[in-house]
Amino acid sequence: MTALGYVPNAGARAMKLRRSGTVGAIFPTVDNAIFAKAIDALQRRLAESGMQLLLATTGYDPETETRQALNLLTRGVDALVLCGTGQPEELLQQLRQRGVPVVHVMSWPAPQELVAVGFDNARAMAQVVRYLLDLGHRRIAMLAGITRDNDRAAARVAGVRDALQAAGLGLPPAYLVERKYDLGAARDGLRALLQADPRPTAVICGNDVLAFGALLEANRLGVAVPAQLSIVGFDDLELASHLQPALTTVRVPAEAMWRLAAERVIEALRGAEVPRATEIDVSLVVRGSTAPPPPRAKRDLRPTPPRAATPARRR
């Protein structure tokens, strides 16, 4: 085989076994460390069972997700792994009709008919709100991801809003800003939140990328974190613990979650009975970016403008 350069013919193998040995996975983007970790964990577990991973991205667009799912099916994938549970019903119906095993990841609870491995995004954010309330914060804002066509981002906003309402507070429009997940947009989002009157004393971010941008912009504006403004992220990316101050964030065990999703795919393809919904535990990791609010928050949260030079008096 080595001398002749022989490799098995995947097409012939697929025709004989009526399986391609490939699994398709559709991600919103690969320009995010949390999805890079997901791809690595998913691919390594599938490879252990002799399966290959095919990837597609959507840019958070449901029409693109439907098109990419159908493209992967035409290429003969045996199963699909999807992010979240907010796919169009038309796509889900087509997948059911074709009998293709599908595993939804990152969202829990899920509709009863879906196989899901994920965590409760709303409950995780409610835990963050309660922690900030215990510190004494009452002016709590949110720098969220774009909630349109993103059930995870929407659930995180709902979790913050519901927890604040349970405490007799609210999330007014000036305290909620949505931005795409990149540093520049996050910096712009923090500037928008700091225009609110009164200014928030704490900002909950929809993920760590938004939190990183918020920290950078706060530093540029001269707003001390956490003395003047507390910032919380979500995901616990590797960089979070190395920042100054280190980021308080929600830790998501991404590798374990995506390996378990791969397990569900493998079980389904072997004909085993697969649990419908599996909840993954997440936890709040408290670090240096949060503290009690300043005693006189409204005054202290305003960066002090540089003083103009005083003209010298003639003697």
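List of remarks:
- From the list ILE34, ILE26, the lone residue that is within 23 Å of the chain's Cα centre (by Cα), surrounded by 16 or more Cβ atoms within 10 Å (Cβ to Cβ), among the β-branched types (Val, Ile, Thr) and in a helix (DSSP H, G or I) is ILE34.
- Hits in region 233-271 (condition: in contact (Cβ under 8 Å) with a residue 12 or more places away in the chain and small (Gly, Ala, Ser)): GLY233, ALA240, SER241, ALA246, ALA254, ALA256, ALA261, ALA262, ALA268
- Among residues of region 195-214 being buried (at least 20 other Cβ atoms within 10 Å of the Cβ) and more than 18 Å from ALA33 (Cα to Cα), the one that is farthest from the chain's Cα centre (by Cα) is ARG199.
- Residues in region 226-281 that are on the phi > 0 side of the Ramachandran plot, surrounded by 15 or more Cβ atoms within 10 Å (Cβ to Cβ) and assigned to a loop (DSSP other than H, G, I, E, B): ASP236 only.
- ARG130 being of a type outside the set (A, V, I, L, M), more than 26 Å from ALA254 (Cα to Cα) and surrounded by fewer than 22 Cβ atoms within 10 Å (Cβ to Cβ): no
- Considering region 99-216, the qualifying strands (runs of 3 or more DSSP E), each wholly inside and each with 2 or more residues that are over 30 Å from LEU269 (Cα atoms), run over 140-144, 176-178, 202-205.
Read-outs throughout are calculated quantities, based only on the coordinates presented, and are distinct from any laboratory measurement. This is a predicted model, so every value here is computed, not measured. Every residue, glycine as well, gets a Cβ built from its backbone with ideal geometry; the counts of neighbours run over all protein chains shown.
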